[in-house]
Amino acid sequence: MLKALDGVIPANLSVLEDVIEGFEVEARWMLESKLALLRRLQDLSRGRNYISRDSKLVETISKSEEPVIVDLSQLKDFNVKKLSVLLTLKAVEVSKMKHLLNDQVYVFVEEAHNVVNSNTDLVGRLMSEVRKLGIAIVLVTQSPLILNYRMLNNANVKVVHTLKSREDIELIVKSLGLSEDLRAVIPKLGVGEAIVDAPGQEPVIVEVKPSL
């Protein structure tokens with residue numbers, strides 16, 4: 001999909017389907033992937049989803065003066081959710097490349113464990129590529145184990161709240177290089193407490209005060 005969308009701003013799903021349909025492939029596995037992707041797009045455009053064939057995602061993102069919320073809660077299929085997230089991220093990237101967005105852009109992916117998994121490399125690749133364009137991708141998940149090391153390594157800032165799963169804790173300890181003292185704190189962090197790891201400093205425990 002990323003190759004097909006190179007330099008293209010799909011105004012709606014109908015245009016996106018036309019772009020994918022017209023993308024020439026040679027290998028059999030690429031053809032199968034292309035057909036599978038088109039089926040997913042048909043699921044998006046025909047179902048009761050957050051986006052319709054006539055919606056203009058890029059125009060909405062580029063012209064809105066308020067935060068744009070893309071609600072995927074009605075999508076039950078994991079692959080359709082993943083495709084929707086990738087489409088949104090790509091729309092933001094192309095908008096920045098076309099200078100339709102001039103300010104720093106922050107994209108928050110809530111419940112990221114529902115739309116990515118440890119075998120998904122496209123999101124990790126996008127995270128590393130869009131940073132130079134002034135786009136920050138924030139992944140929010142209760143299960144960091146679903147993120148692969150590329151995603152974790154490409155995250156400049158990591159904010160860790162309380163975790164109970166042993167596997168999740170071990171992954172965070174390894175990724176952040178935490179001491180045994182901080183490791184012991186992870187499952188005991190209270191509401192509003194977190195371990196923050198940022199470039200140029202050692203991981204520290206912080207308290208997040210609620211906004212007034």
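The values are calculated or read from the model by the stated rules, or taken from the named source; none is laboratory data. What you see is a predicted model; the values in this text were computed from it and never measured. Using ideal geometry, Cβ is built from the backbone for each residue, glycine included, and neighbour counts are taken over all protein chains shown.
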- Query: If a residue has to be of a type in the set (Lys, Arg) and either over 15 Å from the mean Cα position of the chain (by Cα) or assigned to a loop (DSSP other than H, G, I, E, B) (or both) to count, how many in region 129-157 make the cut?
  - Reply: 1
- Query: When you look at Ala91, is it small (Gly, Ala, Ser), without any contact (Cβ under 8 Å) to a residue 40 or more places away in the chain and crowded, with 20+ Cβ neighbours inside 10 Å, yes or no?
  - Reply: no
- Residue that is farthest from Asn148 (Cα to Cα), among those in region 166-212 that are of a type in the set (Val, Ile, Thr) and touching a helix residue (DSSP H, G or I) at 6+ places or on another chain (Cβ under 7 Å): Ile205
- Read through the list (1) part of a strand (DSSP E or B); (2) surrounded by 13 or more Cβ atoms within 10 Å (Cβ to Cβ), then give the number of the only condition that Leu126 fails. (1)
- Any residue in region 62-82 that is in contact (Cβ under 8 Å) with a residue 40 or more places away in the chain and within 19 Å of Glu129 (Cβ to Cβ)? no
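Matching residues to (1) of a type in the set (D, E, K, R); (2) surrounded by 11 or more Cβ atoms within 10 Å (Cβ to Cβ); (3) modelled with pLDDT of 80 or more; (4) within 30 Å of Leu75 (Cβ to Cβ):
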| site | (1), (2), (3), (4) |
| --- | --- |
| Gln104 | no, no, yes, yes |
| Glu111 | yes, yes, yes, yes |
| Asn117 | no, yes, no, yes |
| Thr120 | no, yes, no, yes |
| Ser143 | no, yes, yes, yes |
| Leu147 | no, yes, no, yes |
| Val160 | no, yes, yes, yes |
| Lys164 | yes, no, yes, yes |
| Pro199 | no, no, yes, no |
- Note on the structure: How many residues of region 158-212 are of a type in the set (Gly, Ala, Ser) and in a helix (DSSP H, G or I)? The answer is 2
